[in-house]
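Colleague: Submitted below is the structure of interest, expressed as structure tokens.
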Amino acid sequence: MSVEQAPEAAFQLKWELRDHGWARCHLTEGSQKVSLSVSYCTDALADLVAGIGGLYSQQHTTRFFFDAEPQELRWVLRATDESVEVTIYKFTDVAVSPDLPDSDGTVIWRSTHPRPVFAHTVLDAAQQVVTEHGETGYRSKWVLHPFPVGPVQDLRRLHLRDDVCELPHDLSCP
Ligand SMILES: [Zn+2]
């Protein structure tokens, strides 16, 4: 799981599975840090992985949201040439906000990454969570959704096929 990036500036994403259908998604880059609360009302890790996977097709923008009960944490991924711009907006009430434009939300995270770095980092985070808990443990903590094997396999295939990435890949991950 070594990642060859400069330690201070390196982008990191960690998926921390808690109990009873909650998780925390920790993002760090340089001095920028945010920890997102995520409930199982959406299949959040699957949406994150599939959201990046969508950028390998003709889609320039993909969107999905985490339900932080009651906040909506809306992710917008924009592909620009070889980079991905990541913006996360916070809305106070998910019961009404999915109809609101991005500009009504508060930006709580913004970063830009080469697509290979972003995809690799998310794949690593998914792999770490399944290595730690196993598919059975994942399901018992996340309750409503199984570990997203299909989206992870799809993203890994796209990443290995279309990105130039020198980092190691553990192909034994489910
Ligand atoms: Zn890679």
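Colleague: Going by accessible area, probe 1.4 Å, with all protein chains left in place, what is the ranking of CYS165, CYS25, CYS41, largest first? Can you show the working numbers first?
Modeller: Details: CYS165 35, CYS25 0, CYS41 75 Å².
Putting CYS165, CYS25, CYS41 in descending order of accessible area: CYS41, CYS165, CYS25.
Colleague: Could I ask something else about it? So, R0 is 45 Å and r is the distance between the beta-carbons of VAL149 and SER31; what FRET efficiency does that work out to, to 0.05? Write out the running numbers ahead of the final one.
Modeller: Working: r = 35 Å, r/R0 = 0.78.
Computed FRET efficiency for VAL149 and SER31 comes out at 0.80.
Colleague: Here's another thing I want to ask about it. Compute the normalised compactness of the chain: alpha-carbon radius of gyration over 2.2 N^0.38 Å, N being the residue count. Walk me through the numbers on the way to the answer.
Modeller: Details: Rg = 15.4 Å, N = 174, 2.2 N^0.38 = 15.6 Å.
Taking the Cα Rg and dividing by 2.2 N^0.38 Å, one obtains 0.99.
Colleague: Excluding the sites themselves, what is the longest stretch of the chain that contains no GluC sites (Glu not before Pro) in a DSSP loop with at most 15 other C-beta atoms within 10 Å? List each step's numbers first, then the result.
Modeller: Details: sites that count: GLU4, GLU8, GLU82, GLU166.
The longest uninterrupted stretch comes out as 83-165.
Colleague: So what does PHE91 come to for accessible area, using a 1.4 Å probe and Å² rounded to 10?
Modeller: Roughly 10 Å² of PHE91 is accessible to a 1.4 Å probe.
Colleague: Whole number please: convex hull volume per residue, Cα atoms of the stretch 1-102, in Å³.
Modeller: On the way: hull volume 12.8 nm³, N = 102.
Convex hull volume per residue, Cα atoms: 126 Å³.
Colleague: May I pose another question? Given a Förster distance of 25 angstrom, what is the FRET efficiency for LYS14 paired with ASP99, based on the Cβ-Cβ distance and rounded to 0.05?
Modeller: Working: r = 31 Å, r/R0 = 1.25.
Plugging the Cβ-Cβ distance into 1/(1 + (r/R0)^6) gives 0.20.
Colleague: Also, quick follow-up: Between THR112 and ASP163, what is the label-point separation in nm under the 7 Å Cα-to-beta-carbon projection?
Modeller: 1.8
Colleague: Further question on the same structure: Rg and Dmax of the stretch 98-143, using alpha carbons, in Å: what are they?
Modeller: Answer for the stretch 98-143, Rg first and Dmax second: 15.8, 40 Å.
Colleague: Heavy-atom accessible area per residue, the stretch 12-159, 1.4 Å probe: how many Å²? Don't skip to the answer; put the middle values down first.
Modeller: Numbers: 6730 Å² over 148 residues.
For the stretch 12-159, the solvent-accessible area averages 45 Å² per residue.
The values are calculated or read from the model by the stated rules, or taken from the named source; none is laboratory data. Nothing here was measured: the structure is a model prediction, and the numbers come from that model. Cβ coordinates were reconstructed from backbone atoms using ideal geometry, including for glycine residues, and neighbour counts include every protein chain displayed. To get the accessible areas, we keep the full protein, side chains included, count just its heavy atoms, and leave off ligands, DNA and RNA. Shrake-Rupley method; radii C 1.70, N 1.55, O 1.52, S 1.80 Å.
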